[in-house]
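Let me begin by presenting the structure, written as C-alpha cells, before commenting on it.
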Amino acid sequence: QMTNRSPAVERFMQELDHPRKDSIAALRSAILDANDDITEQIKWNAPSFGIAGEDRVTFRLQPRDVCQLVFHRGVKVNDSADFTFEDNTGLLKWAAPDRAILSLDALDESRDEAAQTTAIVTLVNRWMDATA
C-alpha cells in the first residue's frame, strides 16, 4: 500500500456506484503511482489530487453520466494573468484561463487506453508542477 493513498478515498471508491467506476479506479491508481508527492482527499464528492494538501485536479462524477477531471488551482481565487499551461495532448477544454476540463467520456475509444492513461497522468503531473 502506497503512503499517498487516503483511507477516506479508499472507502469512497469501495462504495462508489458509477458506470465508469473501473476507469476511475484505474486512473486514480495510475496518478498516485506516478508521483509519491501527490496526495488525495474527497472534494466535490469525488477523489481529488493535490500537492501539500492543496487540491489541483479533481474528479467530477455528477451527474451519474459524467466522468471528468477538473484541472484547477486550489481554493483561492488565483490571479491568472501570468499563468500559462501548454496542453500538447489536446485533451483539455479550457473553462477559464487557469481552469480546464478533461472529459473521460470524450476520449477516443479507438486509441490505445494505456497511451491515453499515460498522457493523462503526464498532464496531471505537469499541472501539479505548473500550479505549485
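The values are calculated or read from the model by the stated rules, or taken from the named source; none is laboratory data. All values reported here derive from a predicted model rather than from experimental measurement. As a convention, Cβ positions derive from the backbone with ideal geometry for all residues, glycine included, and neighbour counts pool all protein chains shown. Quick note on the areas: whole protein, heavy atoms, side chains included, nothing else; ligands and nucleic acids left out. Shrake-Rupley method; radii C 1.70, N 1.55, O 1.52, S 1.80 Å.
Annotations
- Of all residues making up segment 75-97, the number that are open to solvent by 100 Å² or more (accessible area, probe 1.4 Å) and modelled with pLDDT of 80 or more: 5
- Contact annotation: residue pairs with Cβ atoms under 8 Å, 6 or more positions apart or on different chains, pairing a residue in segment 17-41 that is over 12 Å from Asn125 (Cα atoms) with a partner that is open to solvent by 60 Å² or more (accessible area, probe 1.4 Å) and part of a helix (DSSP H, G or I), are Arg20/Asp105.
- Reported count of residues in segment 1-14, each being open to solvent by 60 Å² or more (accessible area, probe 1.4 Å) and under 14 Å from Ser48 (Cβ atoms), is 0.
Table: residues versus (1) farther than 19 Å from Leu102 by Cα; (2) in contact with a Gly (Cβ under 9 Å, 6 or more places away or on another chain); (3) hydrophobic (A, V, I, L, M, F, W, C).
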| residue | (1), (2), (3) |
| --- | --- |
| Ser6 | yes, no, no |
| Leu16 | yes, no, yes |
| Arg20 | no, no, no |
| Ser23 | no, no, no |
| Asp37 | yes, no, no |
| Ile51 | yes, no, yes |
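- Within segment 15-53, being loosely packed, with under 13 Cβ neighbours inside 10 Å and either in contact with a helix residue (DSSP H, G or I) (Cβ under 6 Å, 6 or more places away or on another chain) or of a type in the set (A, V, I, L, M) (or both) holds for one residue alone: Ala52.
- Count of residues meeting criterion [open to solvent by 10 Å² or more (accessible area, probe 1.4 Å), under 15 Å from Ala96 (Cα atoms) and in contact with a strand residue (DSSP E or B) (Cβ under 6 Å, 6 or more places away or on another chain)] in segment 60-74: 1
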